[in-house]
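Colleague: Here it is, the structure, as structure tokens.
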Amino acid sequence: MAYEDKTFKTKRFQALKAREINKHIFLKEWPEKGITANQGPNDPKPSIKIENGKVVEMDGRKREDFDMIDQFLADYYIDTSIAEEAMAMDSVKIAKMIVDINVPREEIVRLAKGFTPAKFVEVVNELDEAEIIMGIHKMRARKRPGNQCHNTSRTDNPVQLAADAAENRLRGFDEAEATTGVAPIAALNSIALLVGGQTPNVGLLTQNAVEEAVELKMGMRGLTTYAETVSVYGTERVFADGDDTPWSKTFLAAGYASRGLKLRFTSGSGAEVQMGYAEGRSMLYLEAKCIMITRAAGVQGLQNGAVSCNGIAMCVPGGVRSVHSENLITALCDLENASSNDQIFSPSDLRRAARTFPLMIAGTDFIFSGFGGVPNYDNMFAGANFDVNDFDDYLVVQRDLVVNGGLVPVTEEETIAVRNKAARAMQALHAEMGWPEITEEEVEAATYAHGSDDMPPRNIRADIDAAQDIMKKGITGLDIVKALAKNGFEDIAENILTMLKHKIAGDYLQTSAVITPENKVLAAINNINDYQGPGTGYRLNKDTELWKKISSIPQEIDPKTYES
């Protein structure tokens, strides 16, 4: 029987009401509470005043009235040797420079060091959506775009996690992000990603988003290689509610960097609204402050673009454009940008694609800060905007548009092989280390599984105990290397050892660093985005091996087979 809604008299409106798009909630703006993407009633006008090399007034507020965020930005972000020049420039002129192919990226980055939060907002407000995407294309830090995946399990199954990590690296992801269903199991989950991620080849950077002290300890032991869930906020009250300050976050960042661990901060439009202290400021204005805090703290990158606050940012007019604007501001600040597209925010496939594909076309350092590398029922980050069920669609769009979205086609045979190898490596590791047994049934299931529903149940209590024992005994990445090498997995052991060497050398601490399957570190320092118009920058030319791989999807048919 056809859907019928008595709210509407006509069949046309009844049919439209049934569409997925109308399951989303859309809000009118309420600027006084911060429920506006841009131009809040308390958003200040750009201004700067410098005396004796010190910022004494910023965006209409005198130094004696600064809150802790204002003070941090004034003292550690604003370059006083540039600020007066940059702030005096017409914002329309700066906006034109951003999209002008004749103006080098370096000149924009130089000027941006002197911008205040209000100046950033005023500049990007002069750009329409096409110009914002053009700006991101020109301003992103690393030349070659990339992608990150979520790699989680609803049941915290280490065999499934390792097999999925192996497949996700095979598919081209540069990074894989885990979290847990049960917090104490974190160490075992991290080892699963470490082993699985290094199975096809060397280089997958992995993290586990858990409590910060635990996350740092695991990284110091070589069980993870990066972190990104260190959150910063745009109003003082929200910052303080998290028992944090910009200075404490900077101290934590130094802890990661001093141990060779890559780190991004995390922020996103709408956080201050959701926590109730937006101070009548717009989401974009407050996010500009978060981005500047990240740069001022000396952190190399930022995960932003609403992220887990997608729901609030996307329900107001101009929400998507504003989110893309914050990604652009991140690039203007010369930061690595993991540009969100991660948490699902709408039941409409078309709307989710419209939010994502402009950034895929522009290319960012990480187009997704969490493409679901598992089905959404297994995604412990509340579900991904795209997940494993979208792999084929995504690959075809890359092929259609001749863009590198960070993924490559794979065959079923290749996938079976790496999933099985990762599962068997975990089986041998568990046996060697005395951790709970991984059975042949589990190895077989993980080899062919789509998600945790296809896996035999494990004794979660025993796995938690093993994970706690790992932390108590101080198990390190080197212990994992020895155990794997002893049991016939020398290649995986060598890859993990290589990752430990990179950590000691600090190889991937540079802005936008990733490690290729050929064990080459690519970063903004040696792979700088040099786009200056047609024929420059990153290109997927038809004579490149990558294009040949991206274009050769398994579904394509050789037309010669139809020749009579």
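The values are calculated or read from the model by the stated rules, or taken from the named source; none is laboratory data. Just so we're clear, the structure is a prediction, and the values are computed from it rather than from any experiment. Don't worry about glycine lacking a Cβ; one is built from the backbone with ideal geometry, like all the others, and counts go over all protein chains shown.
Residues checked against (1) of a type outside the set (Ser, Thr, Tyr); (2) under 19 Å from GLU236 (Cα atoms); (3) in a helix (DSSP H, G or I):
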residue: LYS9; (1), (2), (3): yes, no, no
residue: PHE13; (1), (2), (3): yes, no, yes
residue: LEU27; (1), (2), (3): yes, no, no
residue: GLU32; (1), (2), (3): yes, yes, yes
residue: PRO41; (1), (2), (3): yes, yes, no
residue: LYS49; (1), (2), (3): yes, no, no
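Colleague: Scanning segment 495-532 for residues that are outside any loop (DSSP other than H, G, I, E, B) and free of Cβ contacts under 8 Å to residues at least 60 places away in the same chain, which turns out nearest to the chain's Cα centre (by Cα)?
Modeller: VAL521
Colleague: Identify, by number, the condition in (1) touching a residue at least 60 places away in the same chain (Cβ under 8 Å); (2) surrounded by fewer than 19 Cβ atoms within 10 Å (Cβ to Cβ); (3) in contact with an Asp or Glu (Cβ under 9 Å, 6 or more places away or on another chain) that ILE101 doesn't meet.
Modeller: Only one criterion in (1) touching a residue at least 60 places away in the same chain (Cβ under 8 Å); (2) surrounded by fewer than 19 Cβ atoms within 10 Å (Cβ to Cβ); (3) in contact with an Asp or Glu (Cβ under 9 Å, 6 or more places away or on another chain) is unmet by ILE101, namely (3).
Colleague: Tell me, yes or no, whether segment 407-429 has at least one residue that is over 30 Å from PHE489 (Cα atoms), surrounded by fewer than 18 Cβ atoms within 10 Å (Cβ to Cβ) and of a type in the set (Ser, Thr, Tyr).
Modeller: No, segment 407-429 contains no residue that is over 30 Å from PHE489 (Cα atoms), surrounded by fewer than 18 Cβ atoms within 10 Å (Cβ to Cβ) and of a type in the set (Ser, Thr, Tyr).
Colleague: In addition: Could you please let me know if PHE120 is surrounded by 18 or more Cβ atoms within 10 Å (Cβ to Cβ), more than 23 Å from the chain's Cα centre (by Cα), at pLDDT 95 or above and not basic (Lys, Arg)?
Modeller: Spelling it out, it is not the case that PHE120 is surrounded by 18 or more Cβ atoms within 10 Å (Cβ to Cβ), more than 23 Å from the chain's Cα centre (by Cα), at pLDDT 95 or above and not basic (Lys, Arg).
Colleague: Name the single residue that is surrounded by the fewest Cβ atoms within 10 Å (Cβ to Cβ) among those in segment 216-231 being at pLDDT 95 or above and not aliphatic (A, V, I, L, M).
Modeller: The extreme case among them is LYS217.
Colleague: Then there's this: I'd like to check which helices (runs of 4 or more DSSP H) are fully inside segment 110-201 and have at least 1 residues that are touching a Leu at 6+ places or on another chain (Cβ under 8 Å) and within 30 Å of VAL55 (Cβ to Cβ).
Modeller: Passing ranges, in order: 117-124, 129-139.
Colleague: If you don't mind, there's one more thing I want to ask. Kindly indicate whether ARG105 is of a type in the set (Lys, Arg), farther than 16 Å from ARG295 by Cβ and touching a helix residue (DSSP H, G or I) at 6+ places or on another chain (Cβ under 8 Å).
Modeller: For ARG105, the condition - of a type in the set (Lys, Arg), farther than 16 Å from ARG295 by Cβ and touching a helix residue (DSSP H, G or I) at 6+ places or on another chain (Cβ under 8 Å) - is not met.
Colleague: Can you pull out every residue in segment 478-492 that is crowded, with 22+ Cβ neighbours inside 10 Å and either of a type in the set (Gly, Ala, Ser) or in a helix (DSSP H, G or I) (or both)?
Modeller: Answer for segment 478-492, where residues must be crowded, with 22+ Cβ neighbours inside 10 Å and either of a type in the set (Gly, Ala, Ser) or in a helix (DSSP H, G or I) (or both): ILE480, VAL481, LEU484, ILE492.
Residues checked against (1) within 30 Å of GLN207 (Cα to Cα); (2) assigned by TED's automatic domain parsing to the domain that holds ALA176; (3) in contact with a helix residue (DSSP H, G or I) (Cβ under 9 Å, 6 or more places away or on another chain); (4) of a type in the set (S, T, N, Q):
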site: VAL123; (1), (2), (3), (4): no, no, yes, no
site: ILE133; (1), (2), (3), (4): yes, no, yes, no
site: CYS149; (1), (2), (3), (4): yes, yes, yes, no
site: ARG154; (1), (2), (3), (4): yes, yes, yes, no
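Colleague: Among the residues in segment 213-234, are any closer than 21 Å to LYS113 by Cα, of a type in the set (Ser, Thr, Tyr) and in contact (Cβ under 8 Å) with a residue 60 or more places away in the chain?
Modeller: No: segment 213-234 contains no residue that is closer than 21 Å to LYS113 by Cα, of a type in the set (Ser, Thr, Tyr) and in contact (Cβ under 8 Å) with a residue 60 or more places away in the chain.
Colleague: Next question, about the same structure. Give the residue that is surrounded by the fewest Cβ atoms within 10 Å (Cβ to Cβ), with candidates limited to residues of segment 464-477 that are closer than 18 Å to GLY181 by Cβ and under 29 Å from the mean Cα position of the chain (by Cα).
Modeller: Among residues in segment 464-477 that are closer than 18 Å to GLY181 by Cβ and under 29 Å from the mean Cα position of the chain (by Cα), the one surrounded by the fewest Cβ atoms within 10 Å (Cβ to Cβ) is GLN468.
Colleague: In segment 172-205, what residues are in contact with a helix residue (DSSP H, G or I) (Cβ under 7 Å, 6 or more places away or on another chain), crowded, with 24+ Cβ neighbours inside 10 Å and within 21 Å of THR411 (Cα to Cα)?
Modeller: Within segment 172-205, ALA176, GLY196, GLY197, GLN198, THR199, PRO200, LEU204 qualify.
Colleague: Inspect all residues belonging to segment 525-534 and state whether any of them is of a type in the set (Phe, Trp, Tyr) and at pLDDT 95 or above.
Modeller: Yes, some residue in segment 525-534 is of a type in the set (Phe, Trp, Tyr) and at pLDDT 95 or above.
Colleague: Okay, next question. Please work out which one of (1) free of Cβ contacts under 8 Å to residues at least 60 places away in the same chain; (2) more than 26 Å from PHE345 (Cα to Cα) is the condition ASP400 fails and give its number.
Modeller: (2)
Colleague: Now a separate question. Of all residues in segment 245-275 being in contact with a helix residue (DSSP H, G or I) (Cβ under 8 Å, 6 or more places away or on another chain) and among the small types (Gly, Ala, Ser), which is surrounded by the most Cβ atoms within 10 Å (Cβ to Cβ)?
Modeller: Residue satisfying both the conditions and the ranking: SER269.
Colleague: Could you give me the residue pairs with C-beta distances under 7 Å whose first residue belongs to segment 441-454 and is touching a residue at least 24 places away in the same chain (Cβ under 8 Å), whose second residue is of a type in the set (D, E, K, R) and surrounded by 15 or more Cβ atoms within 10 Å (Cβ to Cβ) wherever it lies, and which are 6+ apart or on separate chains?
Modeller: Pairs that qualify, where the first residue is touching a residue at least 24 places away in the same chain (Cβ under 8 Å) and the partner is of a type in the set (D, E, K, R) and surrounded by 15 or more Cβ atoms within 10 Å (Cβ to Cβ), are VAL443/ARG424; ALA446/ARG419; THR447/ARG419; GLY451/ASP378; SER452/ARG154; SER452/ASP378.
Colleague: Which of (1) more than 14 Å from ALA162 (Cα to Cα); (2) buried (at least 22 other Cβ atoms within 10 Å of the Cβ) does ARG458 not meet, given it meets every other one?
Modeller: (2)
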